[in-house]
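The values are calculated or read from the model by the stated rules, or taken from the named source; none is laboratory data. This is a predicted model, so every value here is computed, not measured. Here the Cβ is made from the backbone with ideal geometry for all residues, glycine too, and neighbour counts use every protein chain on show. Areas reflect the complete protein model, heavy atoms only, side chains present, ligands, DNA and RNA absent. Shrake-Rupley method; radii C 1.70, N 1.55, O 1.52, S 1.80 Å.
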Amino acid sequence: DSGCSNHMTSNRNLFDETKSFPTPIEICMGDDSSYGAKSSGDVELHLPIVERRTLKDVWFVPSVTKNLMSIGQLVEKDMELLFNKSGCTIS
């Protein structure tokens, strides 16, 4: 669990379109570093077993080095998460 409160990515190519924030939103990370979220949009996931799914309200954060998913946002959308040694299953 990354502890992030929003889904985030630095890969602008994942978005069809984004909505810019009037001013960047400052994000404080667990290591006390901070980044600026510049916009948000939806990201389509291509999953091997089921049809495509869309993550809503993903923040575009150019300085982030990994794609981060918010467990809180997933649970708010009534998704269930199962963690084990093999990884995480989201349904």
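Can you pull out the trypsin sites (Lys or Arg not before Pro) in the chain that DSSP calls coil and that have at most 13 other Cβ atoms within 10 Å? Mind dumping the intermediate values first?
Details: sites: Arg12, Lys19, Lys38, Arg52, Arg53, Lys56, Lys66, Lys77, Lys85; in loops: Arg52, Lys66, Lys77, Lys85.
When the trypsin sites (Lys or Arg not before Pro) of the chain are filtered for loop state and at most 13 Cβ neighbours within 10 Å, Arg52, Lys66, Lys77, Lys85 remain.
For a label point 7 angstrom out from the Cα of Ser34 toward its Cβ, which stretches of the range 60-78 have the backbone nitrogen within less than 11 Å? Flagged as within label range: none.
The accessible surface of the range 2-91, taken with every protein chain in place and a 1.4 Å probe, is 49 percent carbon and sulfur.
Would you compute the Debye intensity of the range 40-91 from its alpha-carbon atoms alone, equal scatterers and no solvent, and pass along log10 I(q)/I(0) at q = 0.14, 0.18, 0.30 Å⁻¹ to two decimals? Cα-only, vacuum Debye calculation for the range 40-91: -0.43, -0.71, -1.34.
Taken per residue, the accessible surface of the chain reaches 74 Å², heavy atoms only and a 1.4 Å probe.
Taken over the Cα atoms of the chain, the convex hull encloses 111 Å³ per residue.
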